[in-house]
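Q: Below you'll find the structure I mean.
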Amino acid sequence: MEKESRCPVYKKCGGCQLDVTYPQQLSYKMRTVIGLLGRFGHVEPIVGMDDPLRYRCKVSRAFGFAHGRIVSGVWQSSSDKLTSIDCCALEDEQATAIVATLCRLAEQYKVRTYDQRTGKGCLRFVTVRVGKQTGEILVALGVGREKCPPLKDLAAALVACHPSVKTVVASVSTDRRNLVLGETVTVLYGDGHITDRLCGLDFTVSAHSFFQVNPVQTENLYRAAVEMAELDGTQTVIDAYCGVGTIGLIASRCAKSVTAVELNGAAVKNAKENVRRNGAENVRVLNGDAGDFMQDLAAMGETVDVVFTDPPRAGCSREFLTALTDMKPRRVVYISCNPETQARDLRYLTGNGYRIDRIRPFDMFPFTKHIETICSLSRK
């Protein structure tokens, strides 16, 4: 980090990988993208942040016991030890304060922290989501066993200390691995979700939903993606790996119709609620694997004008890419959080009927090596 804001646990935490000034970070990321994607065409200048600190509106911490008190921090897989963190220059300040309050209240209500070695104890993790536009906050507690009587009292006390907390949920994970949340969620306070606003639309976000952690850059990213799609109100659109429906809903304002596909059931539930909340009558949300869905459409001879794809770090499956090229959409907008797998997929697409029109990187995660990149492609 820059000298005046160097983190005292930089070498122990592992959350940040770039210990240089912000302009140097952008230069490093630009070189990385050019090295991986420059062979496909001109790489436009990277979109950085005016203020690269305090951008994380989602904060996850593990709980432990050290020096006679409950602490929070990050588990180190190499040593199986907890690095205690009191504050982080990348986290939303409200989230940091809520985690500190939880540590204090856990001691007050005698909630034992989970022991990784023995599997005993209750409190394991916490995830705090802050709605930047609405101010609503969700707190999700990861616990090691189902029966943990003081949790409702703990939740009520937390809300009394931080009135912006709209809901508190608990999720049981008995897996010895460091899974932040289990599959099921119990609501301790509120209705189990919050609402945030992105590009003028309202989105429901729950504990298991994927929602970008940097709201400022997310708006820049999604606006650019829709711009690259060159929509004029006449196109049919598929939003693959749609999450809670963000890109599809934003695109729906200038598309004829949008079909959004997502495998995660909790995200699909949120996406359907988001469609209803925003009155997007030209959007339908389907629960399923994007690759299987595209294969079925291709087998039936269906066509589509534009495909947005925003896959996980592993990139698109070969089945998805094959179905995509079989359907021959006029334009593809590929958003990636991993330019290495994106480069692999672009090689396939450019070898099967597509040319790349634009490549634009975004710095979604300052002080880390992660890069988000949009590529727009059109049929040759």
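Q: So how many residues does segment 241-253 have that are over 15 Å from the mean Cα position of the chain (by Cα) and closer than 19 Å to Ile335 by Cα?
A: Counting residues in segment 241-253 that are over 15 Å from the mean Cα position of the chain (by Cα) and closer than 19 Å to Ile335 by Cα gives 5.
Q: A follow-up question, please. Counting only residues that are over 18 Å from Ser60 (Cα atoms), give me the strands (runs of 3 or more DSSP E) lying completely in segment 133-239 with at least 2 of them. So that I can check it myself, show each step before the final result.
A: Working: elements: 137-143, 165-172, 186-189, 193-198, 201-206.
Filter on segment 133-239 gives 186-189, 193-198, 201-206.
Q: Take segment 119-156 and flag every residue that is among the β-branched types (Val, Ile, Thr), over 17 Å from the mean Cα position of the chain (by Cα) and surrounded by 22 or more Cβ atoms within 10 Å (Cβ to Cβ). Don't jump to the end; show me each part of the working.
A: The initial filter retains those residues of segment 119-156 that are among the β-branched types (Val, Ile, Thr), namely 126-128, 130, 134, 137, 139, 143.
If we keep only those that are over 17 Å from the mean Cα position of the chain (by Cα) as well, we get 134, 143.
The answer is Val143, and nothing else.
Q: May I ask you to verify whether Leu82 is more than 21 Å from Cys148 (Cα to Cα) and touching a residue at least 24 places away in the same chain (Cβ under 8 Å)? Explain how you work it out, then say what you get.
A: Working: more than 21 Å from Cys148 (Cα to Cα): yes; touching a residue at least 24 places away in the same chain (Cβ under 8 Å): no.
Spelling it out, it is not the case that Leu82 is more than 21 Å from Cys148 (Cα to Cα) and touching a residue at least 24 places away in the same chain (Cβ under 8 Å).
Q: Of all residues in segment 75-122, which are of a type in the set (D, E, K, R), at pLDDT below 90 and on the phi < 0 side of the Ramachandran plot?
A: Lys81, Asp86, Arg112, Asp115, Arg117, Lys120
Q: Now for a separate question. Among the listed residues Val59, Val47, Val74, Val43, which satisfies the condition of being in contact with a Ser or Thr (Cβ under 9 Å, 6 or more places away or on another chain) and within 22 Å of Ala343 (Cβ to Cβ)?
A: Testing whether each residue is in contact with a Ser or Thr (Cβ under 9 Å, 6 or more places away or on another chain) and within 22 Å of Ala343 (Cβ to Cβ) leaves just Val43.
Q: Related question: Residues in segment 99-122: is at least one without any contact (Cβ under 8 Å) to a residue 40 or more places away in the chain, in contact with a Lys or Arg (Cβ under 6 Å, 6 or more places away or on another chain) and over 21 Å from Ala155 (Cα atoms)?
A: Within segment 99-122, not a single residue is without any contact (Cβ under 8 Å) to a residue 40 or more places away in the chain, in contact with a Lys or Arg (Cβ under 6 Å, 6 or more places away or on another chain) and over 21 Å from Ala155 (Cα atoms).
Q: Taking only segment 54-75 into account, find how many residues are surrounded by fewer than 19 Cβ atoms within 10 Å (Cβ to Cβ), free of Cβ contacts under 8 Å to residues at least 40 places away in the same chain and over 14 Å from Val128 (Cβ atoms).
A: Qualifying residue count for the region: 4.
The values are calculated or read from the model by the stated rules, or taken from the named source; none is laboratory data. Since the model is a prediction, treat every value here as computed from it, not as a measurement. All Cβ positions, even for glycine, are placed from backbone atoms using ideal geometry, and neighbour counts span all protein chains on display.
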